[in-house]
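This report concerns only the one structure given below.
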Amino acid sequence: MYVYDQYDQRIIDERVAQFRDQTRRYLDGKISDEQFLPLRLQNGLYIQRLAPMMRIAVPYGLLNSRQLRKLAHITRHYDKGYAHVSTRQNIQLNWPLLEEVPDILAELAEVQMHAVQTSGNCIRNTTTDQFAGVARDELEDPRPWCEIIRQWSTFHPEFAFLPRKFKIAVCATEQDRAAIHAHDIGLELVANADGEVGFKVLAGGGLGRTPVIGSVVSEWIEKKHLLTFLEAILRVYNQHGRRDNKFKARIKILVKAMGIEAFREAVAKEWAPIKDGPSTLTEEEISRASSFFTDPDYEQFDEAAAAAALAGQAAADPIFGNWVKRNTVSHRVPGYQAVTISLKMTGHAPGDITDRQLELLAELADQFSFGEIRTTHQQNMVLADVRQQDLYALWQRLQSAGLATPNIGYLTDMICCPGGDYCSLANAKSIPVAEAIQARFDDLDYVYDLGPLELNISGCMNACGHHHIGHIGILGVDKKGEEFYQVSLGGSQAKDASLGKILGPSFKQEDMPEVMEKIINTYVDLRGEEETFLDTYRRVGIDPFKERVYAKAD
Amino acid sequence: MPKLIKNGEVVNDERWQAVDTEADNAAPGVIATLSQWQALDDKAGSAVQLEPGDGVETLLPHLADIELIAISFPVFTDGRGFSYARELRQRGYTGELRAVGGFIRDQLHYLSRVGFNAFQMNDDRELEEAVASLGDFSEHYQAAVDQPLPLFRRRA
Ligand code: SF4
């Protein structure tokens, strides 16, 4: 994991001092609300329905145990003892006091953390695959590139007042786990015809009220040109992105309006004078960044023996066996496995985690996974480097803390934004809907039988819950002051990315479990051998679902 | 007489008056709008103000002649001027680059990084204090006009 040197630390410390001064001037009445807004947003602070909400950056989802302990302390001392993992792999606090935010930032800086640019119209936290570095299907580790982008985008003087927020994601696998098609810029590490690895660059993807799949700006650029190329795209966007209407301000609208050809030309024009300039990456810098993401001290195991031992344990304790099957994935190193810790236990808001659980995870990370843990954009956490022989012990500890729900990738592992319970932008609550659906589908065997199913819930058009790319998406809408829910089907965040189609008129909150059940039953009735929900939907289309859900009761 | 921060100090501008959008032609000593400036026969020693949306293209052939380029920020959240400044410096403009309008003290540091060396804020009540914000950071990751080498080329 990346470790700050004196430069990184100085930059972050100076940021804390800057915001402390800004907060003081704001509280003294010397900065207006309107002027303070972008300043606090770019330090992660929203003013929400009930209290400020603070979004702490977790760069590309990576945390160490010291940071987890600090987060536990912060949630206990400055908040109500729990935090929330967001769909951008960040950590949110729901109840901090404005006056105390500078202190929270100072505490974070002690463990090389911050809340820089987690909100506001600037370049946000870069996200990536939660299995980066350990995935078997990975071309190469995307994290050094995320760190290079983090540094370049941190306090970038030219791009702090963009037309709108700007999100970058990086992936290095065929099966894109970072949803790069749904980002303002999506980067994929790919080899060209000569086998040299570089970047495929997409731009103009995004969710929100006009969901769009990203377009290819370049099929391949050399790695060393990454930053100048990003700079060129941002410069086109900053000058030409719409600023008259915030709903039309994302880069996706610009790309559409210009057409991808013209957009590419504009980027090429901005790129030419800076290409090969000082911001061109050096070999030294690339290896410096990479040096932080080398292999930990893996032990050598006999693959077959380790697998056999695990299979034996799984057979002896089927509940454990089931958890292994659902919540762990293979690792590129024999004898290791990556474990997803589900933050989707029935009866809890998806993605919420308490101070005690954070501390437990710190301990488990130290004991079982080289002291590191990851957050995922599906609002779970991952211990990426667990020895197979330790899985049983780990599982027991997780189970006693309520962190072993074996539902990763299934219906109840839903993505859900904070919604109307916390968020002042919400049209409707999202957590109670998630909880009601979890309660309705509480038979795990049935849930497994349904196969991989992604349910994504957003409380408004801003789509923090990524509802457009859920196999089933739920969106909170406002109908004459009442909370309603619109359902869409057929979205996908995977390589074959697609956007969901709206089923029809929206529903009341209390009807949602029923509606879900009808949708699921339609699938179960129509599915062919081995067909997932998405397969069936793609084969039969939306009509059978529509008919069933809107059928008049006789 | 406009009060501004220039090269790190609070000064009164005795040379240039603010743009007059009503006038057909820019009077001597008055900063020209882009269209007034285009009408000038002789651009040597001229001063021109760009509004968001103007872009920098028109000025490029004359950068050596222009004495002052003002870039307007009608609202502080409109960041186009940041890119304009960077482009102008990148193309070799060395004259005064002045931010004018509704920007705020807390943007001074970034503004100076992208190449502005003069700042004329609508709210000029506490300019002396505001100067401090120019130095909010002593180190930076990216290359910019004030530091042409990114940190990765300078890390010791
Ligand atoms: S989707 Fe809307 S309601 Fe949900 S967190 Fe985002 S802004 Fe708030």
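The values are calculated or read from the model by the stated rules, or taken from the named source; none is laboratory data. Because the structure is a prediction, the values reported are computed rather than measured. We place every Cβ from the backbone using ideal geometry, glycine too, and count neighbours over all the protein chains shown. Quick note on the areas: whole protein, heavy atoms, side chains included, nothing else; ligands and nucleic acids left out. Shrake-Rupley method; radii C 1.70, N 1.55, O 1.52, S 1.80 Å.
Residue-wise test of (1) open to solvent by less than 10 Å² (accessible area, probe 1.4 Å); (2) at pLDDT 95 or above; (3) within 11 Å of chain B (Cβ to nearest Cβ).
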| residue | (1), (2), (3) |
| --- | --- |
| A:R15 | no, yes, yes |
| A:L45 | yes, no, no |
| A:P52 | no, no, no |
| A:A57 | yes, yes, no |
| A:N64 | no, yes, no |
| A:L71 | yes, yes, no |
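This table checks each residue for (1) at pLDDT 95 or above; (2) over 24 Å from A:G277 (Cβ atoms); (3) more than 11 Å from chain A (Cβ to nearest Cβ).
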residue	(1), (2), (3)
B:T58	yes, yes, yes
B:P61	yes, no, yes
B:I69	yes, no, yes
B:G81	yes, no, no
B:L88	yes, no, yes
B:Y93	yes, no, yes
**Item:** Odd one out for A:T412 among (1) part of a loop (DSSP other than H, G, I, E, B); (2) within 16 Å of the ligand (Cβ to nearest atom)
**Value:** (2)
**Request:** Check A:S424, A:S400 and return the single one that is open to solvent by 20 Å² or more (accessible area, probe 1.4 Å), more than 22 Å from A:V515 (Cα to Cα) and free of Cβ contacts under 8 Å to residues at least 12 places away in the same chain.
**Result:** A:S400
**Contacts under 6 angstrom Cβ, first residue in region B:128-154 being facing chain A (nearest Cβ under 7 Å), partner outside any loop (DSSP other than H, G, I, E, B) and open to solvent by 50 Å² or more (accessible area, probe 1.4 Å), 6 or more apart** = B:E139/A:R10
**Prompt:** Where residues in region A:427-443 are closer than 21 Å to A:L93 by Cβ and either open to solvent by less than 10 Å² (accessible area, probe 1.4 Å) or not assigned by TED's automatic domain parsing to the domain that holds A:E517 (or both), which of them is farthest from the ligand (Cβ to nearest atom)?
**Reply:** A:A434
**Request:** Would you point out the residue of region A:454-485, among those that are aliphatic (A, V, I, L, M) and within 12 Å of the ligand (Cβ to nearest atom), that is nearest to the chain's Cα centre (by Cα)?
**Result:** A:A463
**Message:** Please count how many residues of region A:356-393 are open to solvent by 10 Å² or more (accessible area, probe 1.4 Å), of a type outside the set (S, T, N, Q) and touching a Leu at 6+ places or on another chain (Cβ under 8 Å).
**Reply:** 5
**Request:** Check whether at least one residue in region A:235-247 is aliphatic (A, V, I, L, M) and within 25 Å of B:Q90 (Cα to Cα), and report yes or no.
**Result:** yes
**Item:** In region B:121-154, the residues that are open to solvent by 70 Å² or more (accessible area, probe 1.4 Å) and touching a strand residue (DSSP E or B) at 6+ places or on another chain (Cβ under 8 Å)
**Value:** B:N122, B:E128
**Prompt:** Here are some residues: A:Y485, A:Y523, A:Y537, A:Y446. Which one is open to solvent by 70 Å² or more (accessible area, probe 1.4 Å) and either under 24 Å from A:V85 (Cβ atoms) or not acidic (D, E) (or both)?
**Reply:** A:Y446
**Asked** Is there any pair linking a residue in region A:379-391 that is among the acidic types (D, E) to one that is not in a loop (DSSP other than H, G, I, E, B), with Cβ under 7 Å and at least six apart or on different chains, and which?
**Response** A:D385/A:Y336; A:D390/A:F368
**Asked** Residues A:E261, A:E299: which one is modelled with pLDDT of 95 or more, more than 14 Å from chain B (Cβ to nearest Cβ) and touching a strand residue (DSSP E or B) at 6+ places or on another chain (Cβ under 8 Å)?
**Response** A:E299
